[in-house]
Amino acid sequence: MILPTPDFFPGSYTGTEQEIRALVGSVSSYMGVRRDRIVVELHSDGDSLPDNVAFLAGSTHGEAGHYRLEPGRAVVSLDMAHMRSPVTLVATVAHELAHERLLGEHRIDHTRRDNEQLTDLATVYLGLGVFTANAAFQFSQSRHGWRSQSLGYLSQPMFGYALACWTTLRGDRKPLWAKHLDLNPRVYMKQGLEYLRSNPEALPDRGTAIPEC
């Protein structure tokens with residue numbers, strides 16, 4: 001499990017282009033994506049974007065990122081206006097790189113109707129679930145008041161259950177990383193674990209012990 005700690009992401013983050021590109025490199029390594037396959041494009045909110053790309057659902061103010069395949073490479077475009085939060089940035093990058101693992105490596109067909117939902121699930125499977133679950137729904141406060149932002153294609157209850165399945169299949173009886181989840185996804189994960197304890201047949205590996213946390 002990749003966590004929002006200095007062990008995985010050392011140094012400070014202020015949203016500069018250099019920091020964003022370095023973070024893409026780190027997440028690529030964690031997710032098993034060849035960095036030489038990825039071209040990173042940074043743009044500002046309102047810039048025109050290519051058509052026919054796989055979009056990550058961002059806030060109502062615009063898309064946070066998108067992925068497209070070109071001959072011999074994959075292009076990940078990120079909107080710098082949405083990269084102020086490191087959690088949002090990592091979640092966005094993880095989603096786009098999961099496209100590369102699924103579409104770029106020809107593991108799924110691009111016509112799958114559940115392509116985006118499966119891509120969100122892939123971020124959990126590849127260890128970035130804390131970030132994508134926390135970014136699924138966020139509140140922030142400014143001088144203008146409170147603002148909500150949704151990111152991704154799965155809800156927090158769905159992410160919570162996915163994380164419960166993931167840690168169960170890994171045999172992690174007491175996932176210490178759960179403390180890094182925001183309150184809502186952590187509660188949903190615990191509910192998922194309770195359900196799996198009562199319904200072990202819900203997972204393919206029925207002999208796996210159900211974790212506690």
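Sticking with the crude label model, points 7 Å out along Cα→Cβ, report the distance from TYR195 to LEU183 in nm, one decimal please.
With each label placed 7 Å out from Cα toward Cβ, I get 2.2 nm.
Could you list the residues of region 92-122 with an amide nitrogen less than 15 Å from a label point located 7 Å from the Cα of ARG34 in the Cα-to-C-beta direction?
From region 92-122, the list is 100-107.
Add +1 for every Lys or Arg and -1 for every Asp or Glu among the other residues with Cβ under 12 Å from the Cβ of ALA133, and state the total.
That sum, taken over residues with Cβ under 12 Å, equals -1.
Just add up the charged neighbours of GLY160: K/R +1, D/E -1, any other residue whose Cβ is under 13 Å from the Cβ of GLY160.
-1
What is the distance, in nm, between label points placed 7 Å from the Cα along the Cα-to-Cβ direction at PHE8 and at HIS110?
3.0
Under 12 Å from a point placed 7 Å out from the Cα of LEU69 along the Cα-to-Cβ direction: which residues of region 107-129 have their backbone N that close?
107-112
No lab work stands behind these numbers, since they all come straight from the coordinates. What you see is a predicted model, and the numbers here were worked out from it, not measured in a lab. Reconstructed Cβ throughout: ideal geometry from the backbone, glycine too, with neighbour counts over all protein chains shown.
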